[in-house]
Amino acid sequence: MNFKYELTREDYQDLDNQYKTDAITHKVVSKPAEDATRNGFRLVISGNEKLQQQMQEKLDSLNLQSVLAQQIVFQRSNGDGYLTIGVKELNPTSTDTPIDPENLLDVAFVHSFGQAHIKAYQTNDDPTSIDYGKEQAIVVQPTTNGYTVNKNGGQIADPKPVETVVIDQSRYCHISLDKFEDDLHGTSVIQRCKNQIKNMSIATETVGKMLREFTFKIVKSDNLMGESAAKFRRDKEEMSQSLNTEATAFINSEDDIVKLSTPTNGINTLLDFAWQDLAAASNIPKSVLTGEQAGTLAGASQDVANYYDTVKATQEQELKPEIEKIVKLLFWAQDVGDGSVDPDTIDWHIEFNPLWTPDDKTMAQTNLINTQAAVARVGAGMQAPDEAMASLNGMSNNQIQPAQNMATDSADAEKEFESQFTPEQVEQYKKDLEMAHNGKA
């Protein structure tokens, strides 16, 4: 039997509602999106600080950090996430035509959206073609033209018929989750973790019931049970009010009050299994899902380190090409910076800021080890003092190095390095390097 799972617009609405209303689902979907974008990125242009500042300001105005995070949320919840790039052109063209760099004035906006309104898209499925797997256009079917507001504050629907929109591949970006050959869409992580999320919902409900009924009292009294219905209800209500805490009760010798507790033996094992099952299905460690993991290298277990390596891979393989596509358009735009520039003639690259925020102790130990290694390299004649200082500044261990991976000249490198230490530490480091260099000479 062949199985092919296809989602409808109603299915996407259900997935979105589950994401918005269920806390566990929200965590599974949004946690990788938050981690991949929370510390942002920077554009580095070697030798042109003015242009770098102009371009970075333009990127910030597009609010890309938030837009990229929302795109990953769509990718994980719907299976597909899209970005549409709105441009201002010298001679306006339709969205179904490729962007002409020489006709480009500005990038006006970048918006994210999901799969719900995608009517169709065309992908090259010829494995012998150089463009295999690449998309050429998407067809979007909006549901409304929006509303206007009259002078009385009432909303008036736009009467124009809703038109289908065709967007050329140069005007959008698309990322999918586990989309295979002939699939019409990517795989929703909500659908993949359906059973595990359901188990967590059952666990939450069960624990809640156990807490509500953790202890209760049994009153054994023939006199009470022999009362009329009205008197029994009255006495029951009075006893419930007085015995709902650790109160003192006065009863006859033939009566009895027994306090019972709900047994919880083995519940921790079941809850741990449910969390581990969800962690395995979502590829997010339990400690990350529950917020137990501290943001330091010393406290990181191997599975947490692997998780952040996966987040880093998402940045490099999915987000970075999209950012570079937008940056190239900004370079070509005539109204950005000092005018249009061919991006291929400029030395530039995108860097993501570190995922980890180390504590002071971890950072101090790391700087000490790196400094001692640099002194040893200079002493062995492997590096000159200036080269060692530049290499320290350029270290990019994503887990522990908070310094930006700056491609600067030697003066900027020295300034950046010195900002990480006290003046006394800097002077001692320079003396150590000089002594090692002179000793070798």
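The values are calculated or read from the model by the stated rules, or taken from the named source; none is laboratory data. Keep in mind that this is a model prediction, so the values were computed, not measured. So basically every Cβ, Gly included, is an ideal-geometry build from the backbone, and we count neighbours across all protein chains shown. Each accessible area value is taken on the protein alone, full model and side chains, heavy atoms only, with ligands, DNA and RNA left out. Shrake-Rupley method; radii C 1.70, N 1.55, O 1.52, S 1.80 Å.
Points to keep in mind about this one:
- Computed from the C-beta positions of GLN276 and ASN150 and an R0 of 41 Å, the FRET efficiency is 0.10 to the nearest 0.05.
- Segment ASN306-LYS134, length gained on full extension (0.36 nm per residue, minus Cα span): 59.0 nm
- On full extension, the segment bounded by ASP255 and GLN53 gains 64.4 nm, given 0.36 nm per residue less the C-alpha separation.
- Within straight-line reach of LYS20, meaning a Cα separation under 16 Å, sit the following lysines at least 8 residues removed in sequence or on another chain: LYS31, LYS194, LYS198.
- When the alpha-carbon atoms of segment 59-100 are used, the pair Rg, Dmax equals 13.4, 38 angstrom.
- Solvent exposure, largest accessible area first (probe 1.4 Å, DNA, RNA and ligands not counted), of PHE109, PHE273: PHE273, PHE109
- When the C-alpha to C-alpha distance is required to be over 28 Å, the pairs from LYS50/LYS134; LYS58/LYS151; LYS209/LYS259 that qualify are LYS50/LYS134; LYS58/LYS151.
- Pairs from LYS286/LYS320; LYS286/LYS312; LYS27/LYS286 whose Cα-Cα separation, in the structure shown, is over 23 Å: LYS286/LYS320
- Of MET225, MET389, the residue with the largest accessible area leads and the full order is MET225, MET389 (1.4 Å probe).
- Take TRP275: with every protein chain present and a 1.4 Å probe, its accessible area is about 60 Å².
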